[in-house]
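The values are calculated or read from the model by the stated rules, or taken from the named source; none is laboratory data. Computed from a predicted model, the values in this text were never measured in an experiment. Cβ coordinates were reconstructed from backbone atoms using ideal geometry, including for glycine residues, and neighbour counts include every protein chain displayed. SASA here: full protein model, heavy atoms, side chains in, ligands and nucleic acids out. Shrake-Rupley method; radii C 1.70, N 1.55, O 1.52, S 1.80 Å.
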Amino acid sequence: MRWVRHHGATRRGALKDLLAHVRLPLLDPVYFLEKVETDQLIQGCKDCLPLLQEARRYHILGTEVSSVRCRPRRYHCFPCSRSMELAEAIVVIGGCDRKGLLKLPFVDALHPESKQWKPLPNVPGCAKSEFAACTLKNDIYISGGHVASREVWMLSSQLNVWIRVARLQKGRWRHKMASLQGKIYAVGGYDGVYRLSSVECYDPFSNSWAAVAPLLEAVSSPAVASCLHKLYVIGGATEDGANTEKVQCYDPQGNTWSLLSPAPFCQRCINAVTLDHVIYVAGGLLSAVFSYDPRSDAWREAALLPGPLESCGVTVCSGKIHILGGQDENGEGSDKAFALDVAAGVMEPQPPLQRCTSYHGCVTILRSTCR
């Protein structure tokens, strides 16, 4: 800005091109509000408006905004004279052991480039299984973990500690959570007697949960993902021995649910992620990864798995879909991990988990690395 102002008459026209190279979304929100948005030169440049809007959206929605300016660049670490960067890391949270009996408290992060696992603070509270996990603005949230549990915890990426946040209104287990438009939705589940149709929405600004429109069909252990400003609930259990193939779609603008084209499978214990506006589903002892494109309301088989898995971790990291752990058809937990390169249609082996794990949480966040 000093360079532009030095010869404002001739350099003002370059302002938009210069700002396009600045990671405005990654600025401290207070600095952005006080120093960038209020700058008279920037306010007077209409071409800068899309850059400001992008930064505002990121401050509200976090990683739901996709842009090169939302990805940190490498910087230098002066104390150790090595290259530092914020990079995507896969985080595996809790879960069950090989036999599915022991509930694990461990939380581990994997940086795919270094292929090294590093421990994070253990899961707080009592032992948990089949809990829900998601991220919002680079913090990790988990909820549930046993029948009628209302507990919700947040792992702060800045403080590296677990913090208890507002409790759910309804105790639920075997439910799922997903972030959408800067809020978190807790969907369905099981209360020990019935499958649940209720859905709750968490507002981090007020630290409170509020009920929204219920599911059209109550389910537990479904796949849930947000995509193109809507929430998608895929499959799940409707009774002890019955599953559904229904796809239930929530529009937060109208607080309404609708049914879309059914999935080509009828399973529970599945998980879903979104990559490039397409939803990918794995688990449920399926032998393949399936994809769903909301724009065409169409399903297809994306890739074959080396073997059927259920209750596996699924997350997107470095532009690939990572599938970690889970149980095989014999009920044995696995420590294997794979990455699906969607563009190439190739399933690649990855470094194994620290231990055989199933029914775990699996998310991706940004963490500092030192090289």
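For this structure, a couple of remarks:
- Annotation: residue 330 fulfils all but one of (1) surrounded by fewer than 21 Cβ atoms within 10 Å (Cβ to Cβ); (2) part of a strand (DSSP E or B); (3) polar (S, T, N, Q); the unmet one is (2).
- Residues that are assigned to a helix (DSSP H, G or I) and crowded, with 16+ Cβ neighbours inside 10 Å within region 28-53 comprise 32, 36, 42, 48, 51, 52, listed in sequence order.
- Hits in region 211-223 (condition: assigned to a strand (DSSP E or B) and either more than 25 Å from residue 296 (Cα to Cα) or open to solvent by 10 Å² or more (accessible area, probe 1.4 Å) (or both)): 211, 212, 220
- Among residues of region 275-306 being under 21 Å from the mean Cα position of the chain (by Cα) and open to solvent by 50 Å² or more (accessible area, probe 1.4 Å), the one that is nearest to residue 342 (Cα to Cα) is 276.
- Within the option set 133, 178, 237, being closer than 26 Å to residue 282 by Cβ, at pLDDT 95 or above and touching a Cys at 6+ places or on another chain (Cβ under 6 Å) holds for one residue only, 178.
- Restricting region 66-85 to residues that are surrounded by 17 or more Cβ atoms within 10 Å (Cβ to Cβ) and under 13 Å from residue 23 (Cα atoms) leaves a set whose member that is modelled with the lowest pLDDT is 70.
- Note on region 125-142: residues that are of a type outside the set (Phe, Trp, Tyr) and either over 20 Å from the mean Cα position of the chain (by Cα) or in a strand (DSSP E or B) (or both) total 11.
- Looking only at region 252-274, and only at residues there that are open to solvent by 50 Å² or more (accessible area, probe 1.4 Å) and outside any strand (DSSP E or B), the one that is farthest from residue 233 (Cα to Cα): 253
- Cβ-Cβ contacts under 6 Å between residues 6 or more apart (or on different chains), taken from a first residue in region 99-119 that is more than 15 Å from residue 155 (Cβ to Cβ) and open to solvent by 30 Å² or more (accessible area, probe 1.4 Å) to a second residue that is assigned to a strand (DSSP E or B) and aliphatic (A, V, I, L, M), are listed as 117/110.
- Pairs where the first residue, in region 255-267, is under 17 Å from residue 180 (Cα atoms) and of a type in the set (A, V, I, L, M, F, W, C) and the second is part of a loop (DSSP other than H, G, I, E, B) and open to solvent by less than 40 Å² (accessible area, probe 1.4 Å), C-beta under 7 Å, 6+ apart: 257/213; 257/215
- Meets criteria (surrounded by fewer than 15 Cβ atoms within 10 Å (Cβ to Cβ) and among the aliphatic types (A, V, I, L, M)) for residue 237: no
- Residue check, residue 227 among the hydrophobic types (A, V, I, L, M, F, W, C), open to solvent by less than 20 Å² (accessible area, probe 1.4 Å) and either at pLDDT 95 or above or under 22 Å from the mean Cα position of the chain (by Cα) (or both): yes
- Of everything in region 146-182 that is among the small types (Gly, Ala, Ser) and over 27 Å from residue 65 (Cα atoms), the residue that is most open to solvent (accessible area, probe 1.4 Å) is 148.
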